[in-house]
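First up is the structure itself, then whatever we jot down about it.
Throughout, read-outs are computed from the coordinates displayed, never taken from laboratory work. Small disclaimer: the values here were computed from a predicted structure and weren't measured. Don't worry about glycine lacking a Cβ; one is built from the backbone with ideal geometry, like all the others, and counts go over all protein chains shown.
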Amino acid sequence: MTKIATIELRNLQIEDYLDLKDSMQAAYSDWAGSYWKEHHIRKLLEVFPEGQLCVIYEGKVVASALALIVDYKKFGDNHTYKQITGEYTFETHSPEGNILYGIDVFVHPEYRGLRLGRRLYDARKELCENLNLRGIVFGGRIPNYNKHADKLKPKEYIENVRQREIHDPVLNFQLSNDFHVRKVLTNYLEGDKSSLDYATLMAWNNIYYQPKEVLVNAQKTVIRLGLVQWQMRHFATLDAFCEQAEYFLDAVSDYQSDFALFPELFNAPLMAPYNHLSTADSIRKLAEFTEPLRKRFSEMAMSYNVNIITGSMPQIQEDGTLYNVGFLCRRDGTSKRYEKVHITPAEKSSWGMVGGNQIKVFDTDCGKIGILICYDVEFPELPRLLAEQGMQILFVPFLTDTQNGYMRVRSCAQARAIENECYVAIAGCVGNLPKVNNMDIQFAQAAVFTPCDFAFPTNGIKAEATPNTEMTLIADVDINPLLELHNFGSVRNLKDRRKDLYELKINK
């Protein structure tokens, strides 16, 4: 009696990993090393287990489809594979998103005659309908394009495939499964030599989609910023310092601000009792206040209903290394740490600080933001990397002693707003601080900068404070003009980069 083969489509499990790896390596045999590591699969199963599908043939995984849910308006049609996957961290997955984004589909070559790919696509469509998502989107490879690139542009190649004049195994299959080409993506998937780094943005619309009416906690498009221009002064205790910080939080909260930005090292007055020590030792004493301050700011973020960017503070790692760090204390009670990447010569020589290694955007209830501490904004690579991760507002806490130092930060911040089509908010300390080494004088003028186009102020300045005076600056920024600028601006810095000539990436 002939044994009948069995086929099962189900959700992937971590126990399937070895079979999954074998099938993926076979499917991408022309692309060395192109398979998901176990920690990637674990993460996908952690954040979205129902979206990871596989086909079992005779007890072995021979095909799979992996997916995320994304808030598509954060990415739009101009994105890369790295951006949509959050640099392969899958932190871009959002249960409240509206699009099922396919990040991979593959079938072991020995089983391609069984129409397993169609089963996986049909299961994805069913999942999309059951989750009431707007549709399915993914970047599709065009692996035969390299054979025709000398004669055809990508658009022409796609049309030839559509007319069945050229066979492309991936694109033909996707078109036959009711997906349509929305546009051509460039430099979408790094290392895809067969497609020459091109991809087709494929989409399928869920005709059963019912828009969800958002009654509360809808993401804002007009966001209110509260910038604190902090006067340096002596404080007898940590409680006295926190009382002054709370005063400003109370003030910006009264104006329903969504963010409060404090300056770099604005807690330096707490070093005064240690002025008899060396500068390196006194800054390390200041670092003892950092964790208590983080806790206090987290509490105040919740009680005043405002997302707090705590400027920066010194922090000592377990190995004794000294960093310049800050915290995003969200109003939901969570907090995230950010690091100053580029340390100034004075910070190195006087304090022995070292630079951090973290370059990432942060999700908030008002969209994606970036935070760079002072000197970091003078390096255009960092904001560009953040912009590629979807940053819409860049916050820059700074500390400058002289006006020329301030102008370096200001001028670079304005340039970053134009280059990256985003808002940039800066805030620093003002006044004098006797009896604290390295902190004698300060100069600052808080400001909010915009791109320079018709929807924004002609000079690119949304608002600015009175120079060298303690005060708060309250300003509203609208996200919608940024989206318009990305697609229809007089110039489009993000779109018009010559990625065929140069590229920028984070070294892992």
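The mean of 1/r over all distinct Cα pairs in the range 367-435, once inverted, gives the Kirkwood hydrodynamic radius of 12.3 Å. In terms of other Cβ atoms within 10 Å, Val107, Val222 run from fewest to most in the order Val222, Val107. Compared with the direct C-alpha span, the chain from Lys348 to Ser29 gains 110.0 nm at full extension, assuming 0.36 nm per residue.
Per q in 0.08, 0.13, 0.16 Å⁻¹, report the Debye log10 I(q)/I(0) for the range 299-443, using one uniform scatterer on each alpha carbon and no solvent. Summing over Cα pairs of the range 299-443 leads to -0.22, -0.60, -0.91. Considering all different alpha carbon pairs of the range 17-125, the Kirkwood hydrodynamic radius works out to 14.5 Å. Separation of the alpha carbons by more than 19 angstrom is noted, of Lys73/Lys368; Lys43/Lys220; Lys73/Lys183; Lys153/Lys505, for Lys43/Lys220; Lys153/Lys505.
Debye-formula intensities of the range 222-488, expressed as log10 I(q)/I(0) at q = 0.08, 0.09, 0.16 Å⁻¹, are -0.28, -0.36, -1.21 (one equal scatterer per alpha-carbon, no solvent).
A simple count of charges around Pro434, restricted to other residues whose Cβ falls under 15 Å of its Cβ and scoring Lys, Arg +1 and Asp, Glu -1, yields 0. Please give the FRET efficiency for Glu110 paired with Lys183, using the beta carbon to beta carbon distance and R0 = 30 Å, rounded to the nearest 0.05. The calculated FRET efficiency here is 0.30. Derived value for the range 108-204: Kirkwood hydrodynamic radius 14.2 Å. Basis is the mean of 1/r over every pair of different alpha-carbon atoms. The calculated P(r) of the range 180-268, using every Cα pair and 5 Å bins from 0, goes 3, 10, 11, 10, 8, 7, 7, 9, 9, 10, 8, 5, 2, 0 in percent. For the range 219-330, the convex hull drawn through the C-alpha positions has a volume of 104 cubic angstrom per residue. Its residues counted as N, the chain yields a C-alpha radius of gyration over 2.2 N^0.38 Å of 1.11.
Helix 403-420 and the longest principal axis of the C-alpha atoms of the chain enclose an angle of approximately 20°. Take every DSSP beta bridge whose two residues both sit in the range 393-508; close to 60 percent of them are antiparallel. Temperature 4 °C, viscosity 1.567 mPa s: under these conditions the Stokes-Einstein estimate for the range 114-167, based on its Kirkwood radius over C-alpha pairs, is 96 µm² per second. Of the beta bridges in the chain, as assigned by DSSP with both residues counted there, near 75 percent are antiparallel. How far is the Cα center of the range 155-197 from the Cα center of the range 67-95, in Å? Between the Cα centre of the range 155-197 and that of the range 67-95, the gap is 21 Å. Spatial offset of the range 427-495 relative to the range 385-423 amounts to 8 Å, using the alpha carbon center of each. The alpha carbon centroids of the range 122-151 and the range 281-351 are separated by 43 Å. Quarter the surface of the alpha carbon convex hull of the range 7-205 and you get the mean projected area, 10.4 square nanometres. For the chain, the relative contact order is 11 percent, taking Cα pairs closer than 8 Å that sit 6 or more residues apart in sequence and dividing their mean separation by the residue count.
Cβ crowding within 10 Å ranks Trp36, Trp230 as Trp36, Trp230, fewest other Cβ atoms first. Shape summary of the range 136-191, radius of gyration then Dmax from alpha carbon positions: 10.8, 32 Å.
Secondary structure note: in the range 7-205, about 90% of the DSSP beta bridges are antiparallel. Looking at the range 235-314, none of the trypsin sites (Lys or Arg not before Pro) sits in a DSSP loop with at most 10 other Cβ atoms within 10 Å of its own Cβ. Once the Cα-Cα distance is subtracted from the 0.36 nm per residue extended length, the Lys435 to Asn78 segment shows a gain of 123.2 nm.
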